Amino acid sequence: MTVLLYASETWTLNLETIRALETFERKALRTIFGPVKDQGCWRTRYNFELYRLYKEPQVTQVIRSNRLKWLGHIWRSPENNQTRAYTFKNPVGSRTRGRPPTRWIYICIDEMLKMT
């Protein structure tokens, strides 16, 4: 069973969103696989039991791999491609007050550094 997340390669995830996605995934897996009877009592499955039964990567790992595949696609595109230009150039203009929003390319660079 392959997870299809349309346009997930363009998402910028923060810790709160990652936690919510992983929680939802485990909730869905607990519903699919159901409880287990342990010493005569029913209990919910532990997280490691769910992942052992599911045998697929977690949803956040799928999003990360989709993001890196899209980065490779953009990197191989011609220099005059607008998607490439908007991805790799810095935005122009003044920013609003507060913390600047996380850019997609910064997340990709961070993930590539974690892989090495």
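What do you reckon, is Lys114 out of contact with any strand residue (DSSP E or B) (no Cβ under 8 Å at 6 or more places or on another chain) and exposed (fewer than 10 other Cβ atoms within 10 Å of the Cβ)? Yes: the conditions hold for Lys114.
Selection of the stretch 61-81 for residues being open to solvent by 40 Å² or more (accessible area, probe 1.4 Å) and not aliphatic (A, V, I, L, M) yields Gln61, Arg64, Ser65, Lys69, Trp70, His73, Trp75, Arg76, Pro78, Glu79, Asn80, Asn81. When Thr87 is tested against (1) open to solvent by 50 Å² or more (accessible area, probe 1.4 Å); (2) assigned to a helix (DSSP H, G or I); (3) in contact with a helix residue (DSSP H, G or I) (Cβ under 9 Å, 6 or more places away or on another chain); (4) at pLDDT below 90, only condition (1) is not met. Do we have Lys69 as within 22 Å of Cys108 (Cα to Cα), assigned to a helix (DSSP H, G or I) and charged (D, E, K, R) here? Yes; evaluated as a whole, the condition is true for this residue. Note on the stretch 46-60: residues that are within 18 Å of the chain's Cα centre (by Cα), of a type outside the set (Asp, Glu) and either modelled with pLDDT of 90 or more or surrounded by 12 or more Cβ atoms within 10 Å (Cβ to Cβ) (or both) amount to 6.
The values are calculated or read from the model by the stated rules, or taken from the named source; none is laboratory data. Since the structure is predicted, the reported quantities are computational estimates derived from the model, not experimental observations. A quick note on method: Cβ atoms are made from the backbone with ideal geometry, for glycine too, and the neighbour counts reach across all protein chains shown. What goes into the accessible areas is simple: the full protein's heavy atoms, side chains included, and nothing from ligands, DNA or RNA. Shrake-Rupley method; radii C 1.70, N 1.55, O 1.52, S 1.80 Å.
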